[in-house]
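Novice: Here it is, the structure in full.
Every number here is computed from the coordinates shown, using simple stated rules; none is lab data. The shown structure was predicted, so the numbers you read here are calculated from the model rather than taken from an experiment. Note: ideal-geometry Cβ built from the backbone for every residue, glycine included; neighbour counts use all protein chains shown.
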Amino acid sequence: MSRIGKKPIPLPAGVKYKFEGNTVLVEGPKGKVSALIAEGISLKTSDGHLVVERANDDRAAVHGLTRALVSNAVHGVTQGWKKELDIVGIGYRAEMKGKGTVVFTLGYSHPIEFPLPTGIDVAIDPKQTHLTVSGIDRQKVGQVAADMRALRKPDPYKNKGVRYTNERLKKKAGKTGAK
């Protein structure tokens with residue numbers, strides 16, 4: 001029994017959806033996002049809400065998933081998604097190069113140029129140590145933030161690196177000296 005799949009998705013004013021084959025195209029004030037729909041799953045509108053229904057119980061495994069994907073698309077075209085990253089370390093920073101490239105200085109012998117995919121925006125604060133990755137596609141925003149974090153993962157010994165803003169690290173003690 002899918003509890004998430006039964007939950008209706010509120011459709012704000014100005015949001016339209018088009019169901020074609022196995023994809024749904026959600027269009028809103030911020031843009032368009034498409035989401036895949038599994039076979040045997042259908043969408044219908046009632047009382048200003050979008051309801052995801054399944055044909056039979058064989059589709060129960062993907063019922064909640066489909067509802068979550070469509071809900072994320074609706075949220076993305078109305079409010080958008082964002083992830084925040086912090087860069088910690090002496091001399092570590094990020095800066096924009098042009099409109100579609102972020103240049104990271106992370107303690108390596110060379111700066112790292114990170115090209116941004118279409119539909120993703122990055123805002124960097126004046127101190128150059130706080131980034132905000134935003135866009136309308138939740139999967140793409142999360143993947144870009146994860147790729148940026150992977151450039152220099154947080155070090156548990158020195159607490160340096162790129163981390164999510166609310167990420168808590170457990171600091172490890174280094175090697176103990178010989179006694």
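Novice: Cross-link partners among lysines for residue 32, C-alpha distance below 21 Å, same-chain residues fewer than 8 apart left out?
Specialist: Of all the lysines, those that pass the test against residue 32 - Cα under 21 Å, at least 8 places apart if same chain - are 16, 18, 44, 82, 83, 140.
Novice: Taking only the C-alpha atoms, wrap a convex hull around the chain and report its volume per residue in Å³ as a whole number.
Specialist: Cα convex hull per residue, to the nearest whole number: 174 Å³.
Novice: Mind giving me the FRET efficiency for residue 121 and residue 39? R0 is 25 Å, r the Cβ-Cβ distance, nearest 0.05 is fine.
Specialist: According to the calculation, E is roughly 0.10.
Novice: Hey, with R₀ at 45 Å, roughly what FRET efficiency would residue 151 and residue 173 work out to, going by the Cβ-Cβ distance, to 0.05?
Specialist: For R0 = 45 Å, the calculated efficiency reads 0.95.
Novice: Continuing with the same structure: Taking only the alpha-carbon atoms of the stretch 3-78, what semi-axes of the equivalent ellipsoid follow from 5 times the gyration tensor eigenvalues under a square root, in whole Å, largest first?
Specialist: Whole-Å semi-axes of the equivalent ellipsoid: 20, 13, 10.
Novice: Going by average Cβ neighbours within 10 Å, how do the peptides 4-10, 24-30 rank, with the highest at the top?
Specialist: Put in order of decreasing packing, that is 24-30, 4-10.
Novice: Against the longest principal axis of the chain, how steep is helix 138-150, in degrees 0 to 90 to the nearest 10, with axes from Cα atoms?
Specialist: For helix 138-150, the angle is close to 10 degrees.
Novice: Pull up all non-local amide H partners of residue 102: gap of 5 or more, or a different chain, and H-to-H distance under 5 Å with H placed in the peptide plane.
Specialist: Here the answer is 97, 114, 116, since their amide H atoms fall under 5 Å of that of residue 102.
Novice: Sticking with this one: Can you give me the distance in nm between label points at residue 56 and residue 108, each placed 7 Å from the Cα along the Cα-to-Cβ direction?
Specialist: Taking the two extended label points, one gets 5.3 nm.
Novice: Compute the length gained on full extension between residue 3 and residue 46: take 0.36 nm times their separation in residues and subtract their Cα-Cα distance, giving the result in nm to one decimal.
Specialist: So the chain would gain 13.6 nm between residue 3 and residue 46.
Novice: A follow-up question, please. By how many degrees, 0 to 90 and rounded to 10, does the Cα axis of helix 60-78 deviate from the longest principal axis of the chain?
Specialist: Between helix and principal axis, roughly 70 degrees.
Novice: In whole Å, how far is the Cα centre of the stretch 68-111 from that of the stretch 1-58?
Specialist: 29 Å
Novice: Helix-derived [θ] at 222 nm for the chain: sum -39500 (n - 2.57) over DSSP H runs of at least 4, divide by residue count, nearest 500?
Specialist: -6000 deg cm²/dmol
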